[in-house]
Amino acid sequence: MSAEAPRLRLGSAAPNFKATTTKGEIEFHEYIGDSWVILFSHPDDFTPVCTTELGAFAKLEPEFAKRNVKLIGLSANTLESHAEWIKDIDEVAGSHLSFPIIADADRQISYLYDMLDYQDVTNRDGKGLPLTIRSVFIIDPKKTIRLILTYPASTGRNTTEVLRVVDSLQATDKYKVATPINWVPGDEVVVAASISNEQADKLFPGYKAVKPYLRLTSLPKEN
């Protein structure tokens with residue numbers, strides 16, 4: 001791991017890798033296929049915040065699946081450790097965790113995706129190796145990184161926010177819109193600034209011009 005880690009930004013191609021997971025060996029791009037994917041890392045197995053997070057993701061998995069989104073977790077531990085930890089997760093959360101968790105005890109994938117903790121010097125395992133922070137990558141079917149979130153080890157994530165961002169990304173990909181603050185499906189959206197008023201009249205008849213630069217509209221209702 002002496003080479004410099006790739007600089008990943010929004011719009012970067014998601015690096016491909018092979019990994020051992022709780023669901024067998026995978027090649028990441030093959031796992032993505034024609035789906036969206038959420039790749040998220042955890043500092044350590046059998047830790048309190050990580051246990052609550054994985055349980056929450058497991059309980060929301062059906063909602064992600066409705067949106068053609070696959071989940072895949074990562075923790076800097078062995079496959080055997082993951083298998084035992086999942087039992088605790090399901091017991092604590094009342095979940096049935098079925099998505100794969102990557103075994104990354106050697107930190108190879110954590111390094112590839114720049115998931116290692118350089119801020120908290122205490123966030124290390126018994127061998128002194130840095131543990132992973134709470135990273136989230138939303139990757140689209142073209143294998144492009146669309147969102148990056150990074151939390152310190154001490155702060156648990158908000159899984160409903162991750163789901164909300166998926167809804168926003170998929171809506172803005174489909175329509176020429178953006179989503180305003182705290183937007184959730186069913187709320188009004190913003191007509192994209194690149195759309196002229198004449199185009200907006202055709203695409204979004206009846207839109208509201210709050211300001212010349214702030215035009216609101218409703219999206220068509222979908223099943």
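One chain, two ends: Arg7 and His29. Fully extended at 0.36 nm per residue, the span grows by 6.1 nm beyond their Cα-Cα distance.
In the frame of its principal axes, the range 6-117 has Cα extents of 37, 33, 24 Å, reported largest first. With contributions of -39500 (n - 2.57) from each DSSP H run of at least four residues, the per-residue ellipticity at 222 nm computed over the chain stands at -9000 deg cm²/dmol. For the range 26-102, the solvent-accessible area works out to 40 Å² per residue, with a probe of 1.4 Å and every protein chain left in place. To put it simply, the accessible area of the range 1-68 at a 1.4 Å probe is 51 percent carbon and sulfur.
Rounded to the nearest 10 degrees, the inclination of helix 79-93 to the longest alpha-carbon principal axis of the chain is 60 degrees. The angle separating the long axis of helix 48-66 from the principal Cα axis of greatest extent in the chain is about 40 degrees.
Mean separation of Cα pairs under 8 Å and 6 or more residues apart, divided by the residue count, gives the chain a relative contact order of 21 percent. When +1 charges are put on Lys and Arg Cβ atoms and -1 charges on Asp and Glu Cβ atoms, the dipole computed for the chain relative to its Cα centre reaches about 980 debye. For the pair Leu149 and Asn16, the difference between a 0.36 nm per residue extended length and the Cα-Cα distance amounts to 46.0 nm. For the chain, the longest principal axis of the C-alpha atoms and the axis of helix 159-174 are separated by about 40°. Of the solvent-accessible surface of the range 160-223, computed with a 1.4 Å probe over protein heavy atoms with every protein chain present, carbon and sulfur atoms account for 54 percent. For the range 37-79, the calculated P(r) over all alpha carbon pairs, in 10 Å bins from 0 to the bin holding the longest distance, is 27, 53, 20, 0 percent. With the convex hull constructed from alpha-carbon coordinates only, the range 135-223 shows a mean projected area of 7.4 nm² over all directions.
Candidate cross-link partners of Lys142 among the lysines, defined by an alpha-carbon separation under 25 Å and a same-chain spacing of 8 or more, comprise Lys18, Lys23, Lys66, Lys70, Lys174, Lys176. Rg and Dmax of the chain, both derived from C-alpha coordinates alone, stand at 19.6, 63 Å.
The values are calculated or read from the model by the stated rules, or taken from the named source; none is laboratory data. None of these values were measured; they are calculated from a predicted model. Reconstructed Cβ throughout: ideal geometry from the backbone, glycine too, with neighbour counts over all protein chains shown. With ligands, DNA and RNA removed, areas are computed over all heavy atoms of the protein, side chains included. Shrake-Rupley method; radii C 1.70, N 1.55, O 1.52, S 1.80 Å.
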